[in-house]
Amino acid sequence: MLKDLQDWSLETDPTSSILWLFGPAGSGKSAIMRNLSHQLQSTGRLGGCFFFKRAHPTRGNAKALFVTIAYQLALDVSWLKVPITKVVEHNSSVLARSIEIQLQKLISEPCRRHSNQTPLTILIDGLDECEGQVVHLEILRAIRSSFTERFLPLRFIIASRPEAHIREMFESSVYHGIYRPFNVE
């Protein structure tokens, strides 16, 4: 299973830029994501990761999601350090903006300037553990909208339980032609 996920992370097919890893509680999704993050880190292909945790002060809501991932990208990816740092220096209010604006300004736009780079993989674990259904859908819409323009050298793996509203979003026309489902069972 890890090999399949690693192989997927190497693909450059824009019709499969997002992978939804799903399964019931206790099926090992978080363990898979942790192992995958270590493997991707060791090969220099991990862009960043965020592990939601229900009711946690910072990991239980979406406020820190894309800010944390942007911070990881700036620290670990040499070609993104300067562009991400400049965004924050020129407009620090971006850190308090909507998650869609944070993703766009801190991650998508800096990455698009370097679209010739090998794609990096961003891992988001436990989406269903985040603060509520409306926020789950807001995160999914923000990620989807980041792929509407030209090529983005990023791949997202989003892990969650197969909650109805999350499944419906992935199966809707919004995600048609851009995601791949991956059942851990």
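The values are calculated or read from the model by the stated rules, or taken from the named source; none is laboratory data. Quick caveat: nothing in here was measured; it's all calculated off a predicted structure. Neighbour counts run over all protein chains shown; Cβ positions are idealised from the backbone, glycine included.
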Check your understanding: Checking residue 1 against (1) more than 15 Å from the chain's Cα centre (by Cα); (2) within 22 Å of residue 165 (Cβ to Cβ); (3) touching a residue at least 60 places away in the same chain (Cβ under 8 Å), which test does it fail?
Key -> (2)
Point to revise | Test result for residue 55, aliphatic (A, V, I, L, M) and assigned to a loop (DSSP other than H, G, I, E, B) | key: yes
Point to revise | Matching residues in the stretch 141-185 - criterion: being within 14 Å of the chain's Cα centre (by Cα), among the aromatic types (Phe, Trp, Tyr) and assigned to a loop (DSSP other than H, G, I, E, B) | key: 147
Review point. Within the stretch 35-63, can you find the residues that are closer than 18 Å to residue 184 by Cβ and surrounded by 14 or more Cβ atoms within 10 Å (Cβ to Cβ)?
Key: 35, 36, 37, 39, 40, 49, 51, 52
Review point. Has the stretch 102-124 got at least one residue that is free of Cβ contacts under 8 Å to residues at least 12 places away in the same chain and either over 19 Å from residue 74 (Cα atoms) or part of a helix (DSSP H, G or I) (or both)?
Key: no
Point to revise | Selection count where residues are basic (Lys, Arg) and in contact with a helix residue (DSSP H, G or I) (Cβ under 7 Å, 6 or more places away or on another chain), scope the stretch 1-52 | key: 1
**Study point:** Single residue of 163, 168, 149 found to be of a type outside the set (A, V, I, L, M, F, W, C) and at pLDDT below 95
**Key:** 149
Point to revise | Within the stretch 6-25, tally of residues that are part of a helix (DSSP H, G or I), closer than 9 Å to residue 180 by Cβ and hydrophobic (A, V, I, L, M, F, W, C) | key: 1
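So which of 82, 94, 67, 87 ends up being surrounded by fewer than 14 Cβ atoms within 10 Å (Cβ to Cβ) and either at pLDDT 95 or above or not in a strand (DSSP E or B) (or both)? Before the answer, list the steps.
Values: 94 fails: surrounded by fewer than 14 Cβ atoms within 10 Å (Cβ to Cβ); 67 fails: surrounded by fewer than 14 Cβ atoms within 10 Å (Cβ to Cβ); 87 fails: surrounded by fewer than 14 Cβ atoms within 10 Å (Cβ to Cβ).
Going through 82, 94, 67, 87 in turn, just one is surrounded by fewer than 14 Cβ atoms within 10 Å (Cβ to Cβ) and either at pLDDT 95 or above or not in a strand (DSSP E or B) (or both): 82.
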